[in-house]
Amino acid sequence: MSVTAARGFTATGVAAGITPDGTPDLALVVNEGPGAAAAGVLTANRVKAAPVLWTQQVLAAGQVTAVVLNSGGANACTGPLGFQDTHATAERAAAVLGHNAAEIAVASTGPFGTRLPMDRLLPGIDSAAAARTPHGGEKAALAIKSTDTTHKTATADGDGWTVGGMAKGADLLAVLTTDADLPPDALDRALRAATRTTFERVDSDGRTSPNDTVLLLASGASGITPGEEAFTEAVRAVRAVCADLTRQLVQDAAGASKDIRVGITGAATEDDAVEAGRAVARSNLLKCAVHGEVPDWGRVVAALGTTSAAFEPHRLAVAFNGVWVCRDGQAADDPARADLRYREVRITADLGAGEASAEILTNDLTADYVHENSAHST
């Protein structure tokens, strides 16, 4: 149920001493081949952590033979020395694995502004390389979970091949693997198609992280190269893994008590639907209302009004869990019928401007969220 579900991959997670509590904090995923094609989607944030800048260069060649991931330190905003530390990480992994450092991706999560303890991280790579196994995906997922309460893994099967993956939030780190034999450009198309409607549609706290990294590696160990029709199946499988991991990330959002699905319908374009959905998902007033189990449609309408999406206010309609509490821009069904007691809350806003739609996932705003995010630095 993880990155080693696909053939041709080994992995593990170890306690390198990066975090003070002695928990596993360094993961290694190795593509044992015979192929090494890879693709990635990296953060859109203008501030990019050193591992992101390094991995961006690695992905340009479309080959990744291993990924080193650590929790306990983001290595973000650490200047040239932080980039040197990332380079040293890749060099150490390459040396112990007998690989090329230019094919080693690196990803990190944790507090910003502090350099990683390289005297502990580098020996940790040695230990991880020695301990890696074809069954080590679970340990790798545990080592990256950081402040997540649970580790997150998922798999999907194709016709003779498999896609597996692991992920953590709120710095999004995700590694997906497949034993299908696909070239880098095909992997890139599959991954971007999948992330566009999964990871990129999560809006828990209204921002991207300097460390956000999603990688897809192909070993080719199944010996199967999907044809055009089968490639469509491959895209579906990659998306299924991303969607499963996305669902788990939202359910484990910091301090959340509600999982909120914001569905926008009747939009003129998909871009309009996404913009409108993000505006609703980012409304702190709405998130507080949902936490209090109040179907406050006025806060949805107010959020929609801040966007550039095409709509006429008098045509707006809003539903909470299927109860249309607003129609034609004014009060409609009794809000008391919208039962928000359960974990999942569905908010639908119909813009009445076209046929496009989109869904954004978010969560409520709770006292626990404030406490968790005020108890430690970024």
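The values are calculated or read from the model by the stated rules, or taken from the named source; none is laboratory data. Small disclaimer: the values here were computed from a predicted structure and weren't measured. Quick reminder, even Gly has a Cβ in these numbers, built from the backbone with ideal geometry, and neighbours come from all protein chains shown. In case anyone asks, the SASA skips ligands and DNA or RNA and just uses the protein heavy atoms, side chains included. Shrake-Rupley method; radii C 1.70, N 1.55, O 1.52, S 1.80 Å.
Table for the structure above
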item: Whether the range 303-346 is rounded, prolate or oblate, judged on the alpha carbon gyration tensor where a/c under 1.5 counts as rounded; result: oblate
item: Surface per residue (accessible, 1.4 Å probe) for the chain, Å²; result: 41 Å²
item: Label-to-label distance, nm, for residues given as His87 and Asp21 (7 Å Cα→Cβ offset); result: 3.5 nm
item: Label-point separation, Cys77 to Met1 (7 Å along Cα→Cβ), nm; result: 3.7 nm
item: Cα gyration tensor category, rounded, prolate or oblate, for the range 155-202 with a/c compared to 1.5; result: prolate
item: Rg and Dmax of the range 20-169, Cα atoms only, in Å; result: 14.8, 46
item: Ellipsoid semi-axes in whole angstrom, largest first, where each is sqrt(5λ) of the Cα gyration tensor of the chain; result: 39, 24, 17
item: Total charge dipole magnitude, the range 181-315, about the Cα centre, Cβ charges on Lys, Arg, Asp, Glu only, Debye to nearest 20; result: 440 debye
item: Relative contact order for the range 83-175, counting Cα pairs under 8 Å that sit 6 or more residues apart, in percent; result: 21 percent
item: Relative frequency of Cα-Cα separations exceeding 23 Å in the range 151-278, percent; result: 36 percent
item: Those lysines that a straight Cα-Cα span of less than 16 Å connects to Lys145, excepting residues fewer than 8 apart in one chain; result: Lys168
item: Within the chain, helix-based [θ] at 222 nm, where runs of 4 or more DSSP H residues each add -39,500 (n - 2.57), nearest 500; result: -10500 deg cm²/dmol
item: Order by protection proxy (mean Cβ within 10 Å, highest first), peptides 301-307, 132-138, 62-68; result: 62-68, 132-138, 301-307
item: Label-point separation, Arg236 to His314 (7 Å along Cα→Cβ), nm; result: 4.5 nm
item: Average projection area in nm² (convex hull over Cα atoms of the range 275-378, one quarter of hull surface); result: 7.1 nm²
item: Inverse of mean 1/r across different Cα pairs in the range 200-268, Kirkwood, Å; result: 15.3 Å
item: Antiparallel DSSP beta bridges within the chain, percent to nearest 5; result: 70 percent
item: Residue-by-residue Karplus 3J(HN,Hα) for the range 129-137, coefficients 6.51, -1.76, 1.60, Hz, glycine and proline x; result: 4, 6, 9, 5, 9, x, 10, x, x
item: Packing-based ranking, highest mean first, of 159-172, 265-278 given that Cβ atoms within 10 Å are counted; result: 159-172, 265-278
item: Selection of trypsin sites (Lys or Arg not before Pro), the range 1-102, meeting DSSP coil and at most 15 other Cβ within 10 Å; result: Arg46
item: Relative packing of 144-153, 308-317, 211-220, which averages over residues the other C-beta atoms within 10 Å, highest first; result: 211-220, 144-153, 308-317
item: Cα gyration tensor shape of the range 1-77, rounded if a/c is under 1.5, else prolate or oblate by comparing a/b with b/c; result: oblate
item: Carbon and sulfur %, accessible surface of the range 105-256 computed with the full protein complex present, 1.4 Å; result: 51 percent
